[in-house]
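Have a look at the structure below before the remarks.
Quick note: the coordinates plus some simple rules give every number you see, no bench work behind them. Predicted model, so just to flag it, every value in this text is computed and none were measured. Glycine also receives a Cβ, built like all others from the backbone with ideal geometry; neighbour counts cover every protein chain displayed.
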Amino acid sequence: MRPQKCSPRADYRRQESQRTQESVSLAEKFRELKSLTVELAYFNAAGATKMSQIKCTFDPDTTKSVVRFDCYNHECVGGDFDLSEALAQAVAQRRTTGAGEMCCQGWLSKATIGEAHCHNILRYKLRVAYGKRASVGIIPAQAVDSVASNSGRSNGPERMDAPPQMDSFAKAQPDTISGRRTSGKQTDLI
């Protein structure tokens, strides 16, 4: 097996991935958060040319509380966009929508470290829904039996100890508008 090459970009991405994975889930950090939808549009540094657009709907139980997206420039070093603070402010003020623009502060490429910043632009819209969330745990047998009897089927008591296992940051729910499945990893909309 070949050893992986270390590059400033790879090192930065590895650190950010670890920071994301070590964070708590959105559901743990924001107890009243019911759903989160993020619309992103990537623009060049001048802000005139749209390079990509994506829409993601996240499950708070499986999504980590560090909500970050890679810079569209595939050679950018030390940049990217972290929407965690924007989300925290929206939740703290119980806003259901939020929008903003961020400029990538990474380096244009590994050859320009210390000389030229990337400055690509991300324009984002957040849609946040609030509500009481069901706690995860064991469902009492009588509740399961009443649900099963209402559906006309009964397979006996069911037990749910935890939500399904998913890779945290990037799992998403089907898009409620288009019905398409989107993921927290970037999926271009055409």
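For the pair SER52 and ALA92, how long in nm is the line joining their label points, each one 7 Å along Cα→Cβ?
My value for the distance between the label points is 3.0 nm.
Counting pairs on different chains as well as pairs 8 or more places apart, how many Lys pairs in the range 1-121 have Cα atoms under 19 Å apart? Walk me through the intermediate numbers first.
Details: LYS5/LYS110; LYS29/LYS64; LYS34/LYS55; LYS34/LYS64; LYS55/LYS64.
Going through the range 1-121 pair by pair, I get 5.
Points 7 angstrom from Cα along the Cβ direction at GLU85 and VAL24: gap in nanometres?
Taking the two extended label points, one gets 2.1 nm.
For the range 8-133, just the Cα atoms, rotate onto the principal axes and tell me the three extents in Å, largest first.
In descending order, the Cα extents are 50, 32, 21 Å.
Within a Cβ distance under 11 Å of SER84, other residues only, what is the Lys/Arg minus Asp/Glu net charge? Before the final figure, lay out each step's value.
Numbers: positive: ARG19, LYS29, LYS64, ARG68; negative: ASP82, GLU85.
Result for the local shell: +2.
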